[in-house]
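What follows is a short report on a single structure.
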Amino acid sequence: MSAPVADPQAATRPTPSSVDVVVVGAGLSGMYLLHKLRGMGLSAVVFEAGTDVGGTWYWNRYPGARVDVESLAYSYSFDPDLEQEFEWQERYPTQPEILKYAQHVADRFDLRKDIVFRTRVVSAHYDEESRAWLVRTEHEDAVHARFLVMATGCLSASKMPEIPGLDAFKGETYHTAHWPHEDVDFTGKRVGVIGTGSSGVQSIPVIAQQAADLMVFQRTPAYSLPARNRALRADEVTAMKQDYPAFRQAQKESGFGVPVPLATKSALEVSDDERNATFEDAWESGSLVNLLTTYVDLVVSREANDTAKDFVHRKIRSIITDPRTASDLCPEYPLGTKRPCLDTGYYETYNRSNVHLVNLQREPLQAVTEKGVRTAVAEYEFDAIVYATGFDAMTGSLTNIDIRGTGGASLKETWSAGPRAYLGIGAAGFPNLFMITGPGSPSVLSNMVVSIEQHVDWVCDVIEHLRQQGFATIEPTQQAQDEWVDHVNLVASYTLYPTANSWYMGANVPGKPRVFMPYAGGVGEYRKKCDEIAAKGYEGFLLSA
Ligand code: NA7
């Protein structure tokens, strides 16, 4: 795999021996957190494995990478001047544009001077006597901190397929989540792409334009909607910037962190014509959530969901000329229960003569070989293989670090039957440890920036509360945590989410417990709950002097 090239703007600083707060990760969570902590007069250091800020948008540089929430909504709200001054170019910005935004924020708030780049945290152990975390890095630096905040992101521990021979291939190998910083040119090459989640769906149309031949290996088809991306118009930017406070408030109160009109009807109570016209409008709108939110019951009723599924199937079949390819691309699980995708020309790409689909449900992947990929049916030869095989989502970036709390208990072992966290923010037995968008919070079911800001604000308020009240430590009680996890599971059980083999459920990682990890109760309701808990003096948490 090609190693990333260092960014010229990357800075490094020596690791301090002691700080108030260690933050792991300099993505959108870690950056805002650092800014806030500094404002509170606390000392903080951020450790970041990459050579620059940006997190997801630093690592996922594959061709066609874009965010699928609109730029004017997928941006920080904490600083009105920042909101006004940054000029987004596209409705759905590309990875380079979002990375430029993150770099702009780092420059504007002079963040890099407290970030140690090129440095992975390997362990964090809580010392009960000193009531401090001892955090160690891959470079054997050690730092003591009163608080440890994991701003490690939900999708940052990438995964490869679990098949033999990954090192055998003699050609070029890429993973979408570790794309090289220099240009990759597939012109004239035979390319194999494994995986058809968002990264596959976004990169396949771009790679297809270059490659002599492109073979896509699909285990499960995605539901993908056309992004209808375009340049932003000056008038819409002006209108949004004038109305930002109201829009931000609406984001906070919404279900997904994206304001949409509230549905009032069941998909089953309207005529076929009315429903199809509604779905058609949503399809044309170019939005990830508009289709799923057209009717009240699409996420909870299989019968209602089937109407949307059938609509998308008809769309796929109307675009793709080869009936067998079209049929292979039609998902059978309910719409929305695996992360849907937004694309630019994805289905159309399968009409190109240089693009072929291999359905791994008919011919399972067996091995990577010296020349390419072997399935149960054939060996396919390539000059390059692209792994778009996703992540050990939500927990991988936390359990990959040796985190040990009270009594030396390991977080990985404590979570061996599935993650358990109160509000998705703290875990019983791990004092003064906070997770930004951790499992049990809306996180990946939301516009991440909205959820990140909410968690960062909430965590900083806790730290301020402890300081003002003279408390040294905080951690969830076992009871409050158990009740929250039960509540998260109960809410999920009312929905269709647990019915699909998704990474929300841990189903993409062999042996990972099947637990629905994000909180499906909605961003607005969740925020209210967090605020109520804070107002009651952090109900469900144990605060000690
Ligand atoms: P995803 O959405 O997890 O997609 C990974 C894809 O790779 C998906 O199609 C997987 O099939 C496939 N995959 C994973 N492991 C294998 C193996 N062993 N064999 C064959 N195919 C495999 O990751 P992305 O990077 O595309 O997107 C992540 C998120 O980024 C996305 O949801 C948005 O939030 C943005 P499966 O579906 O598991 O059968």
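A few remarks follow.
- FRET efficiency for the pair residue 280 and residue 479, taken as 1/(1 + (r/R0)^6) with r the Cβ-Cβ distance and R0 = 45 Å, rounds to 0.35.
- On the beta carbon distance between residue 400 and residue 13, with R0 = 22 Å, the FRET formula returns roughly 0.35.
- Helical runs assigned H by DSSP (4 residues or longer) give the chain a calculated mean residue ellipticity at 222 nm of -9500 deg cm²/dmol, each run adding -39500 (n - 2.57) before division by the residue total.
- Distance (nanometres) between label positions extended 7 Å along Cα→Cβ at residue 296 and residue 40: 4.1 nm
- More than 14 angstrom apart: percent of Cα pairs within segment 296-370: 68 percent
- Amide proton proximity set for residue 391, modelled H, under 5 Å, gap of 5+: 159
- Per-q log10 I(q)/I(0), segment 345-437, q = 0.23 Å⁻¹ (Debye; single scatterer per alpha-carbon; no solvent): -1.18
- Separation between Cα centres of segment 338-387 and segment 40-65, rounded to whole Å: 31 Å
- Subset of 338/412; 309/338; 241/529; 252/528; 265/338 violating a 18 Å alpha-carbon distance limit: 338/412; 241/529; 265/338
- Rounded to the nearest whole Hz, the Karplus-based 3J(HN,Hα) values (6.51 cos²θ - 1.76 cosθ + 1.60, θ = phi - 60°) of segment 142-151 follow the sequence 9, 9, 8, 8, 6, 10, 10, 10, 8, 10, with x at glycine and proline.
- Placing dummy labels 7 Å off each Cα toward the beta-carbon, the span from residue 370 to residue 185 is 2.9 nm.
- Global geometry of segment 210-342, whether rounded, prolate or oblate, following the gyration tensor of its Cα atoms and the 1.5 cut on a/c: oblate
- Amide N proximity, segment 283-309 versus residue 264 label position 7 Å along Cα-to-Cβ, cut-off under 20 Å: 290-299
- Segment 486-545 versus segment 66-81: alpha-carbon centroid distance in Å: 24 Å
- Nearest-20 debye value, segment 228-344 charge dipole, Cβ charges on Lys, Arg, Asp, Glu: 500 debye
- Whole-number D in µm²/s for the chain (Stokes-Einstein; Kirkwood sum over Cα pairs; 37 °C, 0.692 mPa s): 135 µm²/s
- Rounded if a/c under 1.5, otherwise prolate or oblate - segment 77-195, Cα gyration tensor axes: oblate
- Degrees, to the nearest 10: 478-493 long Cα axis against longest axis of the chain: 20 degrees
- Segment residue 514-residue 142, length gained on full extension (0.36 nm per residue, minus Cα span): 130.4 nm
- The C-alpha atoms of the chain define a longest principal axis, and helix 523-535 lies at about 10 degrees to it.
- Whole-percent carbon and sulfur share, accessible surface of the chain, 1.4 Å: 49 percent
- Separation in nanometres of the label points that stand 7 Å from Cα toward Cβ, at residue 377 and residue 110: 6.2 nm
- Segment 52-192 - percent relative contact order, Cα under 8 Å, separation 6 or more: 26 percent
- Solvent exposure of the chain as accessible area per residue, Å², 1.4 Å probe: 40 Å²
- Helix 28-39 vs. the chain, principal-axis angle (Cα, 0 to 90°, nearest 10): 20 degrees
- For the pair residue 168 and residue 545 in one chain, pulling the backbone fully straight at 0.36 nm per residue adds 130.0 nm over the alpha carbon distance.
- Rounded if a/c under 1.5, otherwise prolate or oblate - segment 459-504, Cα gyration tensor axes: prolate
- Evaluated with a Cβ-only charge set (Lys, Arg +1; Asp, Glu -1), the chain carries a dipole of roughly 580 debye about its Cα centre, given to the nearest 20.
- Short-range pairs are left out: with C-alpha atoms under 8 Å and at least six residues apart, the relative contact order of the chain is 19 percent.
- Segment 155-228 and segment 91-119: distance between their alpha carbon centers, rounded to Å: 26 Å
- Cross-link reach is defined here as a Cα-Cα straight distance under 13 Å, omitting same-chain residues fewer than 8 places apart; for residue 170 the aspartates and glutamates meeting it are 370, 381, 383.
- Taking the Cα atoms of segment 411-450, the ratio Rg/Rh between the radius of gyration and the Kirkwood radius comes to 1.00.
The values are calculated or read from the model by the stated rules, or taken from the named source; none is laboratory data. Keep in mind that what you see is a predicted model, and the values were worked out from it rather than measured. Methodologically, a virtual Cβ is constructed for each residue, glycine included, from the backbone with ideal geometry; neighbour enumeration extends over all protein chains shown. SASA here: full protein model, heavy atoms, side chains in, ligands and nucleic acids out. Shrake-Rupley method; radii C 1.70, N 1.55, O 1.52, S 1.80 Å.
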